[in-house]
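Down below is the structure, laid out as structure tokens.
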Number of protein chains: 2
Amino acid sequence: MTIENISVNKSFGGWHKQYSHYSNILNCTMQFAIFLPPQVVCGKKVPVIYWLSDVSCTDENFMQKAGVQRLAAELGVAIVAPDTSPRGDDIIDDVEHGLGQGAGFYVNATQAPWNRHYQMYDYVVDELPKLIETHFPINEKSAISGHSMGGHGALVIAMRNPERYQSVSAFSPISNPMDVPWGQKAFTAYLGQDRESWASYDTCALMRKAKHFVPARVDQGESDGSLDDQLTAKKLSDAAKVSGYPLELNQHVDYDHSYYLISSFIEQHLRFHASHLN
Amino acid sequence: MTIENISVNKSFGGWHKQYSHYSNILNCTMQFAIFLPPQVVCGKKVPVIYWLSDVSCTDENFMQKAGVQRLAAELGVAIVAPDTSPRGDDIIDDVEHGLGQGAGFYVNATQAPWNRHYQMYDYVVDELPKLIETHFPINEKSAISGHSMGGHGALVIAMRNPERYQSVSAFSPISNPMDVPWGQKAFTAYLGQDRESWASYDTCALMRKAKHFVPARVDQGESDGSLDDQLTAKKLSDAAKVSGYPLELNQHVDYDHSYYLISSFIEQHLRFHASHLN
């Protein structure tokens, strides 16, 4: 489990760093970014928030555009941003259909040819946290968050591993991928035709049946062009009512699907997580 | 002086918008971005800070990466980010030598073939402010800021037009372009061999002789790989002492030339400008 440093930038008294490493789960070299707050310089171990990005993003988008470092530095939490899929010239891809590199959907693919590399669920749940705990001054508390495809990933991963995460949040998540075109396309390719297998990666399906809760916050722009037919926040709200899931859903008039939504409300997400992590 | 809206995003209660317009000074269609803080919704006119970006940037880099909107919304100031040069398929360019599109250097070119389009000084000083004042709820107060090539532009423009700007700031400016390779390359191409003409675009030269002052703040990373041979903050400090220029120069250990420097200290720049604008 070795890692190689690629870049270093001082930021808000802490450090933004990028690393590459070989992933045994994904069978390829991966890259991730970490922000270490200034508190670690004094030998303190800090909690960590994992951030899962949207389709076509890498480890860079969130670190460059969200404005998260100011809050992470103030609150003393680390931020880890993995890539959104396996990467490499020899990794299968299908740009034409919006599948493949940059669009791993945070599932373990069961269907050839995807199943050799596309195991992003296990990568995010198991391999990456072990790597982070091995190499960085991280304590046992963690949270997870993400945007759109990454919001779907964060919610699914937290609900399936409630003992692992103190809190979960999402911006504009694909809440019910089983029943919307973006999710159906990805699930058909990666998981096959059996809808039973899809339910374990569907936030609404998991939330309706949930017995162990992770405090959840979701923010959604009401002028998001994908709200009604792909993201379906209303269904998420309905699913939470079925199980009494502790979901705080915030809808914002005039806000869209972009990083301008994320940067506007990242402070509230960080303070929400910090209240559960510290 | 018509403008065409290209994009709109709600951000921190205000609006990020992009526009295109035909520039009579640059003889081409240009694009700029503006952030309008929430205060304008109530019919209030607000001051404006112009931001000049670095080589290879467009109107987008600062708006996406600096985290400026939070402060601009709190302080009630508009932000305007122009492009860094004339643009278009029929505009002369010289990517190989780092000249041309994306590298206008905020001068009025006097040398063919550059002089037909590359008049960025007049565009930023005259045409763009008139456009902004015509179309947006802006009051008579303004400031100017920028990064690297844009820091050079901001300082030169403020010093040559002290009656127009309440304050000026820069991150990692090219302080003495006449005497460093980046500046000499650009000035030779755009202004010719006559060093006399260069001095009117050189912050150190202008600062040494300044009689009318604009309050100035500069932030510089000490781990910036270009500090000693291109940016030369020490020469800026020396030039300020000659004329007694009100320059606050802040040097930051471990910080580099990237947007991680800018985002870390943009709050201090916005509060500095607001103290002079309001």
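List of remarks:
Residues checked against (1) out of contact with any Phe, Trp or Tyr (no Cβ under 9 Å at 6 or more places or on another chain); (2) over 30 Å from B:Ile34 (Cα atoms); (3) aliphatic (A, V, I, L, M); (4) modelled with pLDDT of 95 or more:
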| position | (1), (2), (3), (4) |
| --- | --- |
| B:Gly151 | no, no, no, yes |
| B:Ala154 | no, no, yes, yes |
| B:Ala189 | no, yes, yes, yes |
| B:Ala199 | yes, yes, yes, yes |
| B:Ala210 | no, yes, yes, yes |
| B:Arg217 | no, no, no, yes |
| B:Asp224 | no, no, no, yes |
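- Residues of region B:218-271 that turn out to be assigned to a loop (DSSP other than H, G, I, E, B) and more than 14 Å from chain A (Cβ to nearest Cβ), as a count: 5
- If you go through region A:68-80 and keep only what is more than 14 Å from every other protein chain (Cβ to nearest Cβ) and open to solvent by less than 10 Å² (accessible area, probe 1.4 Å), you end up with A:Gly76, A:Val77, A:Ala78, A:Val80.
Results for (1) modelled with pLDDT of 95 or more; (2) surrounded by fewer than 20 Cβ atoms within 10 Å (Cβ to Cβ), shown as yes or no for each residue.
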residue: B:Ile25; (1), (2): yes, yes
residue: B:Val48; (1), (2): yes, no
residue: B:Trp51; (1), (2): yes, no
residue: B:Met63; (1), (2): yes, no
residue: B:Val95; (1), (2): no, yes
residue: B:Leu99; (1), (2): yes, no
residue: B:Ala109; (1), (2): yes, no
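- Cβ-Cβ under 7 Å pairs, at least 6 apart or on other chains, region B:39-53 side among the hydroxyl-bearing types (Ser, Thr, Tyr), far side in a strand (DSSP E or B): B:Tyr50/B:Val80; B:Tyr50/B:Ser142; B:Tyr50/B:Ile144; B:Ser53/B:Ala81; B:Ser53/B:Gly146; B:Ser53/B:His147
- A Cβ distance below 8 Å, combined with a sequence gap of six or more or placement on separate chains, defines the contacts here; from region B:231-252, residues that are without any contact (Cβ under 8 Å) to a residue 40 or more places away in the chain reach residues that are of a type in the set (Val, Ile, Thr) and part of a strand (DSSP E or B) in the pairs B:Glu248/B:Val218; B:Leu249/B:Val218; B:Asn250/B:Val218.
- Any strands (runs of 3 or more DSSP E) falling wholly within region B:1-105 and containing at least 1 residues that are farther than 30 Å from B:Arg217 by Cβ: B:4-11, B:14-23, B:28-36
- Taking region A:1-25 as the range and being among the hydroxyl-bearing types (Ser, Thr, Tyr) and either within 11 Å of another protein chain (Cβ to nearest Cβ) or in contact with a Cys (Cβ under 9 Å, 6 or more places away or on another chain) (or both) as the test, the residues that pass are A:Ser7, A:Ser11, A:Tyr22.
- Residues of region A:28-43 classified as modelled with pLDDT of 95 or more and either hydrophobic (A, V, I, L, M, F, W, C) or exposed (fewer than 15 other Cβ atoms within 10 Å of the Cβ) (or both), total: 9
- Of the residues examined, A:Val214 is one that is more than 14 Å from chain B (Cβ to nearest Cβ) and buried (at least 21 other Cβ atoms within 10 Å of the Cβ).
The values are calculated or read from the model by the stated rules, or taken from the named source; none is laboratory data. Because the structure is a prediction, the values reported are computed rather than measured. With ideal geometry, Cβ positions are generated from the backbone for all residues, glycine too; neighbour counts draw on all protein chains shown. To get the accessible areas, we keep the full protein, side chains included, count just its heavy atoms, and leave off ligands, DNA and RNA. Shrake-Rupley method; radii C 1.70, N 1.55, O 1.52, S 1.80 Å.
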